[in-house]
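The values are calculated or read from the model by the stated rules, or taken from the named source; none is laboratory data. Small disclaimer: the values here were computed from a predicted structure and weren't measured. Note that we place each Cβ from the backbone using ideal geometry, even for glycine, and neighbour counts take in every protein chain shown. Side chains included, ligands, DNA and RNA excluded: accessible areas come from the protein's heavy atoms. Shrake-Rupley method; radii C 1.70, N 1.55, O 1.52, S 1.80 Å.
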Amino acid sequence: MLGCDDRDAHVEVEGRASSEDEAYRQVFVGQGAPKQSMDPESQDSSREPFRDFHHDPHFSSRRPLATVEHNPTSTVAGNQHWGHATSRDLYHWENQQIAIFPSGPTEYIYSGSAVVDVNNTSGFFPNQTNGVVAIYTLAIYTTQAGEQTQEIAYSRDGGYTFTKYAGNPVISINSTQFRDPKVIWHAETQKWVMVVAYAAEFVIGIYTSPNLREWTHASNFSHHGLLGLQYECPNMVQMPMEGSDTPMYLLWISINPGAPLGGSITQYFPGTFNGTRFDAVDQIARIGDFGKDNYAAQFFYGILGTEPQVSIAWASNWQYCQLVPTGPQEGWRSSMSLPRYNYLTNISRIGYDLVSAPYNIAGQASRELAFNSSLGNSSILLDYSTVASGALYFEANVTHLTAATLAGSVNVTFSSSQSGESVRAGTYVGGDTFLNRQHTRGFDNPFFTDKFSATGVFNEITGAWSLSGVIDRSIIEIFVNGG
């Protein structure tokens, strides 16, 4: 992988236009603070990232906290606990003690979610408005796969320690493929709502509860979009629809395997929800991210539906997540994506589209390293080997475009003259955007897809085309036209 340890790291931003006056091209490159899990050697032990192996985040937003499926004893999946980290800005995370432990060697604490029970509907929090309830899947494995049930645990100290509910499980259907509960509060019906995956049946079950302890099955959502081999890690979230005063609901479903590029991926369905039933606007499979390493993104609980929703994804793929070289080299595998804010819009010719862009990224750039207000047929070359974090944010904007002047390209190359490695990304104005990571030598695996591309749509109202992104110690994330 291209690493920030290289003492000879460079970035080159290149613009190409068919004529100098066709469009206004602007590029910015800024130094950023690293994501917590990207630079383990620069952190003291009280703030170092989860070592070993972790995946599938779960979030609560009153005091931003994240719990993840975490194996504290190995750099491969297994022995699942709920790891725990907290943050004030969603970029710098402090590792906390493990939040939920299995009760025995045959138990695994799988994915789920956490909510703040402000009104003490559960009865766990007398005289308290900040009690946290975790809802998770308990999976049993002996010589073969056992039952998967939904359990809850409660915390009276803001999510630092949890007590398992004595009446567990709260939902049991005698299935070995029943997991990943996501719970939200539905104000109109004054009930909690759970979406949970009947994984092998390609069904998302919808349950309701007045108190988080007693659940009633309400309806199912099934066989929409890409099926793959199984449904996993659903989310139900309300978010703004651009141009409308009425927010929409979005049902978020992960599949693994079965992604177009192989392995795991996430799809979404805009629609309506009345408290018991979700109706999608159509059956189209809309992909949440066109890269190979973005799976099971989870949305923070507690953000108003009229505001953009915040999510973080697991930045890996089940095809090779247990083989990536950071395991033997540095003692950890898997990390999380940038936090993103999300809202829906309607793009002409395509229809509903999820806008997903870095959350408050401007607040993370500590200084500007380069700027050119009219790049045109030229390039910027920057040596960023002195940037201690190795983290950069870059942005290139092409403006004053019309349908008749859609031409040219913007390319960004990150390279190390010491190792000879490089990562390259680019966009053709009005057309395709690509990412090429084939010239990194940290990992050789037949499933580690080294090139990606996606097609964008030009918006004549804005008359602009942009490419932005963040590169960190071992991750690059690219965004086209603001996400």
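So which residues in the stretch 135-175 are of a type in the set (V, I, T) and in a loop (DSSP other than H, G, I, E, B)?
Here is the first cut: in the stretch 135-175, the residues of a type in the set (V, I, T) are 135, 137, 140, 142-143, 149, 152, 161, 163, 170-171, 173.
Within the stretch 135-175, T142, T143, T161, V170, I173 meet the criteria.
Among the residues of the stretch 220-260, write down those that are of a type in the set (D, E) and either closer than 17 Å to P181 by Cβ or open to solvent by less than 40 Å² (accessible area, probe 1.4 Å) (or both).
The initial filter retains those residues of the stretch 220-260 that are of a type in the set (D, E), namely 232, 242, 245.
Hit for the stretch 220-260 is E232, nothing else.
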Among (1) of a type in the set (G, A, S); (2) farther than 21 Å from V195 by Cβ; (3) in a loop (DSSP other than H, G, I, E, B); (4) open to solvent by less than 50 Å² (accessible area, probe 1.4 Å), the one test that A85 misses: (3)
Among residues of the stretch 419-447, those that are part of a strand (DSSP E or B) and within 25 Å of the chain's Cα centre (by Cα), counted: 11
Residue match in the stretch 109-118 (condition: without any contact (Cβ under 8 Å) to a residue 24 or more places away in the chain, under 21 Å from F299 (Cα atoms) and not small (G, A, S)): yes
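Do we have N481 as under 29 Å from N360 (Cβ atoms), surrounded by 15 or more Cβ atoms within 10 Å (Cβ to Cβ), in contact with a strand residue (DSSP E or B) (Cβ under 6 Å, 6 or more places away or on another chain) and in contact (Cβ under 8 Å) with a residue 40 or more places away in the chain here? Before the answer, list the steps.
On the way: under 29 Å from N360 (Cβ atoms): yes; surrounded by 15 or more Cβ atoms within 10 Å (Cβ to Cβ): yes; in contact with a strand residue (DSSP E or B) (Cβ under 6 Å, 6 or more places away or on another chain): yes; in contact (Cβ under 8 Å) with a residue 40 or more places away in the chain: no.
No.
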Close pairs from the stretch 360-374: first within 20 Å of T399 (Cα to Cα) and part of a loop (DSSP other than H, G, I, E, B), partner of a type in the set (S, T, Y) and modelled with pLDDT under 85, Cβ under 7 Å, at least 6 apart: S374/Y24
Subset of the stretch 331-340 (residues that are small (G, A, S) and either closer than 16 Å to I303 by Cβ or surrounded by 20 or more Cβ atoms within 10 Å (Cβ to Cβ) (or both)): S334, S335, S337
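Hey, can you tell me all the residues within the stretch 400-418 that are open to solvent by 40 Å² or more (accessible area, probe 1.4 Å) and either of a type in the set (A, V, I, L, M, F, W, C) or in a strand (DSSP E or B) (or both)? Even if it seems obvious, please write down each step before you answer.
Taking the stretch 400-418 as the starting set, the residues that turn out to be open to solvent by 40 Å² or more (accessible area, probe 1.4 Å) are 400, 402-404, 406, 417-418.
Matches in the stretch 400-418: A403, A404, L406.
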Matching residues in the stretch 264-284 - criterion: being open to solvent by 20 Å² or more (accessible area, probe 1.4 Å) and out of contact with any Asp or Glu (no Cβ under 9 Å at 6 or more places or on another chain): T276, R277, D279, A280, V281, D282, Q283, I284
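Looking at the stretch 431-446 only, could you name the residues that are open to solvent by 40 Å² or more (accessible area, probe 1.4 Å) and more than 30 Å from T405 (Cβ to Cβ)?
Applying the first criterion (open to solvent by 40 Å² or more (accessible area, probe 1.4 Å)) to the stretch 431-446 yields 432, 434, 438-439, 441, 444, 446.
Across the stretch 431-446, the qualifying residues are Q438, H439, R441, D444, P446.
For (1) of a type in the set (K, R); (2) open to solvent by 60 Å² or more (accessible area, probe 1.4 Å), each residue gets a yes or a no:
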position	(1), (2)
G262	no, no
R286	yes, no
Y295	no, no
W314	no, no
N342	no, no
N346	no, yes
I350	no, yes
Count of residues meeting criterion [of a type outside the set (S, T, Y), modelled with pLDDT of 90 or more and within 23 Å of the chain's Cα centre (by Cα)] in the stretch 453-481: 11
Enumeration of residues in the stretch 375-399 that are among the hydroxyl-bearing types (S, T, Y), surrounded by 14 or more Cβ atoms within 10 Å (Cβ to Cβ) and not in a strand (DSSP E or B): Y384, S385, S389
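Looking only at strands (runs of 3 or more DSSP E) that fall completely inside the stretch 227-331, which ones have 1 or more residues that are in contact with a Lys or Arg (Cβ under 8 Å, 6 or more places away or on another chain)?
Correct list: 231-239, 265-273, 295-299, 309-314.
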Scan of the stretch 187-219 for residues that are free of Cβ contacts under 8 Å to residues at least 40 places away in the same chain, under 18 Å from E151 (Cα atoms) and open to solvent by 10 Å² or more (accessible area, probe 1.4 Å), ordered by number: Y198, Y207, T216, H217
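Filter the stretch 333-350 down to the residues that are touching a residue at least 40 places away in the same chain (Cβ under 8 Å), part of a strand (DSSP E or B) and farther than 22 Å from R473 by Cβ and list them by number.
Passing the criteria: N342, Y343, L344, T345, N346, I347.
Just for the stretch 130-170: of the residues that are among the aromatic types (F, W, Y) and open to solvent by 70 Å² or more (accessible area, probe 1.4 Å), which one is nearest to G83 (Cα to Cα)? First the steps, then the outcome.
Within the stretch 130-170, the first condition is being among the aromatic types (F, W, Y), and the residues that meet it are 136, 141, 154, 160, 162, 165.
Still in the running and open to solvent by 70 Å² or more (accessible area, probe 1.4 Å): 141, 160.
Values: Y141: 20, Y160: 10 Å.
Taking the candidates together, the pick is Y160.
When you check I184 against the structure, is it open to solvent by 10 Å² or more (accessible area, probe 1.4 Å), within 19 Å of N220 (Cβ to Cβ), part of a loop (DSSP other than H, G, I, E, B) and not polar (S, T, N, Q), yes or no? Please lay out each step first, then the result.
Working: open to solvent by 10 Å² or more (accessible area, probe 1.4 Å): yes; within 19 Å of N220 (Cβ to Cβ): yes; part of a loop (DSSP other than H, G, I, E, B): no; not polar (S, T, N, Q): yes.
Judged against the criteria, I184 is not a match.
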Residues of the stretch 352-374 satisfying the condition of being over 23 Å from V457 (Cα atoms), open to solvent by less than 50 Å² (accessible area, probe 1.4 Å) and under 26 Å from the mean Cα position of the chain (by Cα): I361, Q364, A365
